[in-house]
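J.: For reference, the structure I am asking about is given below.
Just so you know, all these numbers are worked out from the coordinates, no wet-lab data involved. Only a predicted model underlies this, so the values are computations on that prediction, with no experimental measurement involved. Ideal geometry is used to build each Cβ from the backbone, glycine not excepted, and the neighbour counts take in all protein chains shown.
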Amino acid sequence: MNICKDSLSGIGGKIRPGIVHRLDKDTSGVIVVAKNDKAHINLSKQIKNHEVEKTYIALVRGIVKENEATINMPIGRNKNDRKKMAVEKDGKSAITNFKVLERFPKDNCTLLEVKIETGRTHQIRVHLSHIGYPVIGDTTYSNGKNKWQATGQCLHAKRLKFKHPTTGKEMTIEAELPDYFKEILRQLGDGAFLSH
């Protein structure tokens, strides 16, 4: 973004010029930045209409039993702690789909591919924690403690699929896992995933 300087869309304001969507603090991965207002409006509309496919990789505590599942639970502001979100019956609709990539019984954790149909604040972390599988390294919805002493959470926005705002051509953008996440997977012995 520093390279682009003043050539980005002004819709995000001075603080976040060109930023079309956000990632949670401590979540790594890919985001889209628009270079002009027309592209920004188009991409924002695609996100609002759920036309952007977002794929995440998450390492969670516990052995997930299902091979794949959908979590369809509304999310709203936590009534006891306004800085947090929670599954609340009067919250907004939130849908998270996941499938198991690998289980690590010896280390009591599971590697998941996660796709979200909605984009609620902290959605993946809230949903997974609510069903008993908090994201490793998450200090907000888990205790953050982990045997690897990871300082970031093991949630990574791996891939975005969307239509180019000018040409309409389908685009796929991917981001490599951060080093600390890769190192944990190496220690778990999942070299197969790292070679993808």
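J.: Please list the three semi-axes, largest first and in whole Å, of the ellipsoid equivalent to the chain, using sqrt of 5 times the eigenvalues of its alpha carbon gyration tensor.
T.: Semi-axes (√(5λ), whole Å): 29, 20, 16.
J.: Next question, about the same structure. Would you list which lysines come within 23 Å of residue 169, measuring only between C-alpha atoms, while excluding same-chain residues fewer than 8 positions from it?
T.: Result set, ordered by chain and number: 35, 38, 45, 48, 54, 115, 158, 161.
J.: Name the long-range amide H neighbours of residue 163: under 5 Å, sequence gap of 5 or more, or other chain; modelled H, no Pro or chain starts.
T.: 171
J.: Nearest 20 debye, what's the magnitude of the dipole of the chain about its Cα centre given +1 on Lys and Arg Cβ and -1 on Asp and Glu Cβ?
T.: So the dipole magnitude of the chain works out to roughly 600 debye.
J.: Hey, rough spin-label estimate for residue 145 and residue 41, points 7 angstrom out along Cα→Cβ, what's it come to in nanometres?
T.: Taking the two extended label points, one gets 5.3 nm.
J.: How many nm separate the modelled label positions at residue 102 and residue 176, each set 7 Å beyond the Cα in the direction of the Cβ?
T.: 1.7 nm
J.: Mind ranking 80-92, 52-64, 106-118 by how tightly packed they are, going by the mean number of other C-beta atoms within 10 angstrom, highest first?
T.: The peptides rank, most packed first, as 52-64, 106-118, 80-92.
J.: Could I have the simple spin-label model distance between residue 83 and residue 63, label points 7 Å from Cα toward Cβ, reported in nm to one decimal?
T.: 3.6 nm
J.: Below 20 Å, Cα to Cα, which aspartates and glutamates can residue 106 reach? Residues fewer than 8 away in the same chain don't count.
T.: Within the straight-line cut-off, residue 106 pairs with 66, 183, 190.
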